[in-house]
Amino acid sequence: MEKKRSNTLFLVEVAVFSALAFLLDFVSGLLSFKIWPQGGSVSIAMIPIFLMAFRWGVKGGILSGFLLGLLQFILGFSQIYTLLQGIIDYGIAFSVVGLAGIFASKVKKSLNHNHKSWITYVVLGTLLGSALRYLAHVYSGIVFFGEYAPAGQPVAVYSFVYNGTYMLPSFIVSAIIVILVISAAPKKMI
């Protein structure tokens, strides 16, 4: 009975946190004033994915990230030019954010023993997830958006810089907010 309850709780939390991530991304997109012409924005959409990853591990994080990308596609809030580009920029990029869950057991163990080292593991997890998403977007930028690079600038440099301008602030903001949420949450919730 406990296993069934745990599975139900997992599925409910994945659904709720994926929907929350979508709403946060939608609001972030509205507030970014469309600075980035080929998509991208400083977004806090990764926060629910990170929280699921630290609570449920890699499985919860990847599933939440994948559902966020799927929601963006289904509801028409994605910029998809080719099927492969859509898969990379939405399916893969948001799914790999969930790999932050690699640090879930270390975060939980540190929290349970009242060590402040959990903050280090949260930052490492958010860095890992953000970096992997960044790399997915960089690859997509090199392959599919090279025509937007200024004349004389290597496409790879353009993609690294362009995607870095929104991914670095997204990582920093996400890490800070995830730390604040976890520090405020009851320890048994994580």
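The values are calculated or read from the model by the stated rules, or taken from the named source; none is laboratory data. Remember, predicted model here, so these are calculated numbers, not experimental data. Cβ coordinates were reconstructed from backbone atoms using ideal geometry, including for glycine residues, and neighbour counts include every protein chain displayed. Side chains included, ligands, DNA and RNA excluded: accessible areas come from the protein's heavy atoms. Shrake-Rupley method; radii C 1.70, N 1.55, O 1.52, S 1.80 Å.
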Out of (1) at pLDDT below 95; (2) over 16 Å from residue 129 (Cα atoms), what's the single condition that is false for residue 44? (2)
Restricting attention to region 25-46, does a residue exist that is in contact (Cβ under 8 Å) with a residue 40 or more places away in the chain, over 30 Å from residue 145 (Cβ atoms), touching a helix residue (DSSP H, G or I) at 6+ places or on another chain (Cβ under 6 Å) and not in a helix (DSSP H, G or I)? no
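Determine which member of the set 32, 95, 28 is of a type outside the set (Val, Ile, Thr) and at pLDDT 95 or above.
After ruling out the rest, the residue left standing is 95.
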Search result, residues across region 64-79 that are open to solvent by 60 Å² or more (accessible area, probe 1.4 Å) and either in contact with a helix residue (DSSP H, G or I) (Cβ under 7 Å, 6 or more places away or on another chain) or outside any helix (DSSP H, G or I) (or both): 66, 73, 75, 77, 79
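Yes/no matrix, rows are residues, columns are (1) more than 21 Å from residue 44 (Cβ to Cβ); (2) over 21 Å from the mean Cα position of the chain (by Cα); (3) surrounded by 15 or more Cβ atoms within 10 Å (Cβ to Cβ); (4) modelled with pLDDT of 95 or more:
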site	(1), (2), (3), (4)
102	yes, no, yes, yes
113	yes, yes, no, no
117	yes, yes, no, no
129	no, no, yes, yes
136	no, no, yes, yes
145	yes, yes, yes, no
156	yes, yes, no, yes
162	no, no, yes, no
190	no, no, yes, no
Given the structure, is residue 55 of a type in the set (D, E, K, R), touching a helix residue (DSSP H, G or I) at 6+ places or on another chain (Cβ under 8 Å), surrounded by fewer than 24 Cβ atoms within 10 Å (Cβ to Cβ) and in a helix (DSSP H, G or I)? yes
